[in-house]
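Enquirer: Handing you a structure now.
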2 protein chains.
Amino acid sequence: MLPPQQCSKDARISARRDQIIAAARLCFRKHGFHGAGMAEIAKTSLLSVGQIYRYFANKDAIIEEIVRRIVMKKIRLMTGNAHNLQQVAHNLAHRRIGNLSAPYKEEQCAEQKEQAEIDHALMLEVAAEATRNPAVEKIWRDSEKQLFNEAKSLLSATFPQFSETEMTAKVETLAVICEGTAFRRLTTVHADAELLEAIYHHYFQSLFETDEAIGVEN
Amino acid sequence: MLPPQQCSKDARISARRDQIIAAARLCFRKHGFHGAGMAEIAKTSLLSVGQIYRYFANKDAIIEEIVRRIVMKKIRLMTGNAHNLQQVAHNLAHRRIGNLSAPYKEEQCAEQKEQAEIDHALMLEVAAEATRNPAVEKIWRDSEKQLFNEAKSLLSATFPQFSETEMTAKVETLAVICEGTAFRRLTTVHADAELLEAIYHHYFQSLFETDEAIGVEN
């Protein structure tokens, strides 16, 4: 165990970082990554610019921490039941992203929904920035790699009959569908959700189950 | 036929608009939609700010024209052979977006490739902006609707056996896969392209062909 003074120092640092991240999320959301400067982030977090630099070397370091936290949240949600393909199909068909694999609760509090909206907008912001800023591109690539491997391990544990290469291709198509659905969040809903769910469910079944003889061939 | 003076006036207006759009694309690409102002766009296009306002009411009007042109380009490319599902699967597996349905030429000139990269980056920029700017959200929604309906008409002509509702759901999943693949352009390539192509091709076949009796039931 850490001595008490170390504990409280760590807690203080952690609280300060949370405070800065919360402020930066709001600023980036409102003015974009380019429009929001360190001065504005400092003002919003009620700290001085000097104090901000004690916790984060620059704006990229703040972006990195924001992306890291969003990815961690996604991984935690995924760990629940990524193997429940019916649930995944259902959530995708209803464009319920963010908690893609966890059962979606209608009574989910407004605060959580709002944070999910902000997460989505920030990820778009970061993606756009990644096309012109190599530091942000690296953050983007690294966190995607982590999320992809996490998803692959989970699904490999549930469907051990597939080779590494096969599983990678299957997870890639899942990732494409998840990202595409998230990206289309702002577009008009054209399709009937029940039909869409049936299509996805059928697709996932053909991806992960050898329907002739599940568990017999392997 | 228009009188000659009208013709040359229209041509001049059109050339000026092209000049402004080309400059704005570069500015938005470099500094983001928020970071680039009308003054910078004017400077890059070698015009005065006053001249710019003669052709576009504001920055949103420029964005709208940029999105409209990108969508038109996509529609023209699609009109080629959207029904060639093997080709679509091939291009998706190789992350060849922009000319998704047209056969991809290795010798495609560098200029075209660069413009496709800029199109992609700008669409991300616009998507991020759409989450906070209702005017841009409307541009985004309207152009998506047009592209979606165009794709639906094309596929309905090729596969007339499906109802309107069925076709809408099928086109939605295609759109999700296209957008998801485009969105993942910057991430590391994890999957084997040949395996991925086989998965997509199989999926598209099951989506659009009643494999037991194609063309018999209808």
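The values are calculated or read from the model by the stated rules, or taken from the named source; none is laboratory data. In this text the structure is predicted, and so the values were computed from the model without any measurement. We place every Cβ from the backbone using ideal geometry, glycine too, and count neighbours over all the protein chains shown.
Enquirer: Looking at A:GLU111, A:GLU117, A:GLU164, can you tell me which residue is within 12 Å of the chain's Cα centre (by Cα) and not aromatic (Phe, Trp, Tyr)?
Expert: Only one candidate passes the filter, namely A:GLU117.
Enquirer: Among the residues of the stretch A:162-204, what is the count of those that are of a type in the set (Ser, Thr, Tyr) and within 17 Å of A:VAL88 (Cβ to Cβ)?
Expert: Total meeting the criteria: 4.
Enquirer: Quick check on the stretch B:95-111. Is at least one of its residues more than 13 Å from chain A (Cβ to nearest Cβ), within 21 Å of B:TYR200 (Cα to Cα), at pLDDT 80 or above and touching a helix residue (DSSP H, G or I) at 6+ places or on another chain (Cβ under 9 Å)?
Expert: Among the residues of the stretch B:95-111, at least one is more than 13 Å from chain A (Cβ to nearest Cβ), within 21 Å of B:TYR200 (Cα to Cα), at pLDDT 80 or above and touching a helix residue (DSSP H, G or I) at 6+ places or on another chain (Cβ under 9 Å), which makes the answer yes.
Enquirer: Could you check A:GLU117 against (1) facing another protein chain (nearest Cβ under 10 Å); (2) modelled with pLDDT of 85 or more; (3) within 17 Å of A:PHE183 (Cα to Cα) and say which number it fails?
Expert: (2)
Enquirer: Check every one of the helices (runs of 4 or more DSSP H) wholly within the stretch B:1-70 and list those with 2 or more residues that are within 25 Å of B:THR131 (Cα to Cα).
Expert: Helices (runs of 4 or more DSSP H) meeting the threshold: B:4-35, B:38-44.
Enquirer: Let me ask another. Mind counting the residues in the stretch A:108-163 that are among the polar types (S, T, N, Q) and either within 30 Å of B:GLU114 (Cα to Cα) or outside the structural domain of A:ALA175 (by TED's automatic domain parsing) (or both)?
Expert: Adding up the residues that qualify gives 4.
Quick grid of which residues meet (1) closer than 24 Å to A:LEU174 by Cα; (2) within 12 Å of chain A (Cβ to nearest Cβ):
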residue	(1), (2)
B:PRO134	no, yes
B:ARG141	no, yes
B:SER156	no, no
B:ALA182	yes, yes
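Enquirer: Restricting the stretch B:120-176 to residues that are closer than 26 Å to B:ASP60 by Cβ and of a type in the set (Ser, Thr, Tyr), which is surrounded by the most Cβ atoms within 10 Å (Cβ to Cβ)?
Expert: B:SER143
Enquirer: With the requirement that a residue be among the basic types (Lys, Arg), under 22 Å from B:ALA93 (Cα atoms) and over 16 Å from the mean Cα position of the chain (by Cα), what does the stretch A:122-161 give you?
Expert: Correct list: empty.
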